[in-house]
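Bear in mind that the values in this text are calculations on the coordinates, not laboratory data. All values reported here derive from a predicted model rather than from experimental measurement. Neighbour counts run over all protein chains shown; Cβ positions are idealised from the backbone, glycine included.
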């Protein structure tokens, strides 16, 4: 498969920025419903943009990431920014099926900008990196933290179960709701300088929550030992109304 061409630096009117997290293995019977719900959420967010501009930030993993990207591109003509957790060729190893790699590449070609995040080990002192954690999982956590810190609204296509997997959906939702902790708090400003982060339109004052913000959807109950999730629901995760003063607001690069 031919790799997508590396794009020149371009300026995009970001407007309202929506991040994405969610399950990779969406249930086929849920797809049509989720597409309708995602479209409604994106349309509402675009109406909140002073100039009608809308940007989606997605790592384009299988499932939720791509569903939201497709809806945003096909139905709304939104801009798509794609931060990759790993170098492109290494990330493609996550998608063993040729059809999945083709879908990924087609969406990547339509993005306004894509960029691979540097290794966490190059961004923070070794003392900040959790011991005995897989380097690949740390990169997925890093891209999740980056997305959570660079959007006005996070859409989570998720069954609501709180799991402990590093870089998983529930971890990213927790980072969004509770604030970005270490090592990601230190890593994000450093990586923004490295990749010339294009999301500098998101200033702290722009990421506030208004009274009419979409509330989080009710999550499905947790089921200990369940072999797989029981169907994703669309959760709207806005910027928290209150943060500890020691916790910085959503990052502006």
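Using R₀ = 51 Å, calculate the FRET efficiency as 1/(1 + (r/R₀)^6) where r is the Cβ-Cβ separation of residue 136 and residue 51; round to 0.05. Mind showing how you got there, number by number?
Details: r = 39 Å, r/R0 = 0.76.
So the FRET efficiency works out to roughly 0.85.
In what sequence, highest mean first, do 101-108, 89-96 appear when ranked by Cβ atoms within 10 angstrom?
By packing density, highest mean first, the sequence is 101-108, 89-96.
Students often check this: by mean Cβ neighbours within 10 Å, which of 72-79, 129-136 ranks highest, and how do the rest follow?
Working: 72-79: 16.9, 129-136: 11.0.
Final packing ranking: 72-79, 129-136.
Restricted to Cα positions, what overall size does region 63-128 have along the principal axes? Three whole-Å values, descending.
Each principal axis gives a Cα extent; for region 63-128 these are 45, 27, 18 Å.
When you count, for each residue, the other Cβ atoms within 10 Å and take the mean per peptide, how do 23-31, 151-159 rank with the highest first?
With the highest mean Cβ count within 10 Å placed first, the list reads 151-159, 23-31.
Quickly work out the residue 195-to-residue 33 label distance, labels modelled 7 Å from Cα along the C-beta direction, and quote it in nm with one decimal.
If labels sit at residue 33 and residue 195, their model points lie 3.3 nm apart.
Checking a compactness column here: for region 1-160, what do you get for Rg(Cα) / (2.2 N^0.38 Å), N being the number of residues? Spell out each step's value before the answer.
On the way: Rg = 15.8 Å, N = 160, 2.2 N^0.38 = 15.1 Å.
This ratio for region 1-160 stands at 1.04.
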